[in-house]
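Below is one structure, written out as structure tokens; the observations come after it.
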């Protein structure tokens with residue numbers, strides 16, 4: 001069911017009002033939402049009064065919030081935790097449910113259209129309500145133009161999955177439709193009839209048409225994405241290209257830490273599996289003439305790619321987390337897209353299809369062996 | 001001096017390793033370019049070991065296990081096949097010569113097939129030349 005919500009000049013307030021009702025009616029026990037103060041942080045908010053501080057549309061993503069959902073609900077038993085997810089966070093949520101890292105029954109998802117987010121440091125240094133308002137004003141035409149002197153996160157510039165609902169795919173409990181609308185006047189709510197009626201909304205027959213804005217934005221983004229992917233794969237091509245792509249990597253592993261799909265607590269790169277003794281290092285250096293220190297730069301990135309590219313949701317948190325500005329996300333998303341195509345798999349699309357690494361078919365890849 | 005490729009072979013205990021053993025006990029000749037690592041199952045092979053072998057100097061990797069349907073653990077070889085498909089696709093997209101990774105099904109009774117596979121692979125890699133992945137770049 002779809003309903004139009006009149007926001008009367010305050011879209012955030014309208015959404016926070018809905019969050020409060022759901023909290024008061026006991027539909028959710030608490031809300032995992034971005035909260036604005038001097039900067040932006042996510043918080044698990046239980047107190048109704050504190051929900052006032054929630055900023056549903058703040059255009060920044062400190063972490064991929066699916067990671068926090070995993071922390072809270074992985075072991076179950078938490079009751080319903082409500083979460084406000086951007087589409088890439090929603091896709092990560094779907095993947096983590098399938099990897100048994102989020103308890104699906106413990107989460108109440110509110111999805112939303114997204115035009116883009118800023119890097120946290122850019123936002124923090126110029127935090128002002130104007131950034132949020134500027135983006136909200138752009139939903140009507142579906143033109144994402146960053147604020148003066150700033151850029152959107154690279155992953156956002158080439159994002160094609162910017163709506164919470166897709167044909168035949170996973171749909172959140174509640175979806176906030178913004179594209180094609182002026183959120184200062186109205187937004188569209190989509191959800192189960194019981195839920196919406198419980199919130200006091202009626203079904204609206206006359207819905208504003210949003211499809212054109214959505215498909216035109218998707219087309220422009222897809223063209224840009226194709227361009228960036230081709231450029232990236234060209235840059236990283238061959239062992240020399242790969243070394244040069246990662247030449248400034250400082251081995252901090254932030255890309256892995258911030259990746260929602262890299263959840264393994266016993267990741268090989270967190271263990272001593274590939275550490276050697278002093279004499280082994282010396283023998284290695286003698287054999288090769290010299291050994292790069294720290295070693296295993298390419299091994300790290302290629303292994304991570306092998307482990308998670310099939311489920312990469314292209315949220316770009318790896319790029320945002322990189323202290324030396326390597327666009328890790330573009331490479332992983334570009335390769336990921338090719339690998340996912342082998343299995344006709346779109347990460348985050350559906351809760352039903354198993355991730356490619358979790359199943360096999362007897363009659364596939366028969367030419368390989 | 002002719003280039004002698006170095007192959008690292010990851011062989012499953014139940015089929016390919018026994019096949020290699022049979023090649024030996026049957027005195028079937030095959031080139032000594034392969035270094036064998038025995039696994040309990042190809043399904044237990046993480047791609048990290050294939051990548052590491054390449055980065056440390058291997059010119060080719062042979063992964064060999066039971067024929068489809070014959071896995072000692074029912075379906076480990078199917079899982080391996082999918083993992084190798086992913087690995088090869090990644091290597092291909094990055095221009096890293098995915099044709100240096102071979103997956104072959106060799107049963108415990110196929111000593112001749114094991115020897116033939118190694119021979120074939122050595123010839124293929126000789127024609128191809130040394131792997132570019134092994135050279136550390138500063």
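Taken together, the values in this text are just the output of simple stated rules run on the coordinates, not laboratory data. Just so you know, these numbers come straight off a predicted model, no measurement behind them. Cβ: placed from backbone, ideal geometry, glycine included. Neighbour counts: every protein chain shown.
Restricting attention to the range A:2-218, close to 60% of DSSP beta bridges with both partner residues there are antiparallel.
Over all residues in A:300-309, what is the mean tally of Cβ atoms on other chains that come within 10 Å of each residue's Cβ? Kindly include the intermediate steps, with their values, before the conclusion.
Values: counts 2, 1, 13, 7, 1, 7, 11, 5, 0, 4.
Average neighbour count from other chains, rounded to a whole number: 5.
Which part of the range A:114-158 falls in the paramagnetic zone of residue A:166, meaning amide N under 15 Å from the point 7 Å along Cα-to-beta-carbon? Output list for this probe position: A:114. Of the beta bridges in chain A, as assigned by DSSP with both residues counted there, near 60 percent are antiparallel. With a Förster radius of 41 Å applied to the beta-carbon distance between residue A:128 and residue A:75, the computed FRET efficiency rounds to 0.55. Applying 0.36 nm per residue to the separation of residue A:279 and residue A:137 and subtracting their alpha-carbon distance, the gain on full extension is 44.8 nm.
Remark: mean inter-chain Cβ contacts per residue of B:65-71 equal 1, using a 10 Å Cβ-Cβ cutoff to other protein chain atoms.
Rounded to 0.05, the FRET efficiency of the residue A:10 and residue A:145 pair, given R0 = 25 Å and the Cβ-Cβ distance, is 0.60.
For chain A, what class follows from the C-alpha gyration tensor (a ≥ b ≥ c being the square roots of its eigenvalues): rounded when a/c is under 1.5, otherwise prolate if a/b is larger than b/c, else oblate? It comes out prolate by the Cα gyration axes. Separation of the range A:323-368 from the range A:156-193 is 25 Å, based on Cα centroids. Taking each residue as 0.36 nm, the span from residue A:100 to residue A:39 lengthens on full extension beyond its C-alpha to C-alpha distance by 18.8 nm.
Pair-distance distribution P(r) for the range B:10-134, from all Cα-Cα distances in 10 Å bins starting at 0: 14, 45, 35, 6, 0 percent. Between residue A:352 and residue B:123, the modelled label-to-label distance comes to 4.9 nm, taking each label 7 Å out from Cα in the direction of the beta carbon. Choose one answer from A:320, A:311, A:21: the residue with the largest mean-square fluctuation in a GNM of chain A with alpha-carbon springs under 10 Å. Checking each option, the largest mean-square fluctuation is seen for A:21.
Per-residue ellipticity at 222 nm computed for chain A from its helices equals -11000 deg cm²/dmol, with DSSP H segments shorter than 4 residues left out and the rest contributing -39,500 (n - 2.57).
Per-residue shielding of B:95-102, expressed as the average number of other chain Cβ atoms within 10 Å of the residue Cβ, stands at 3.
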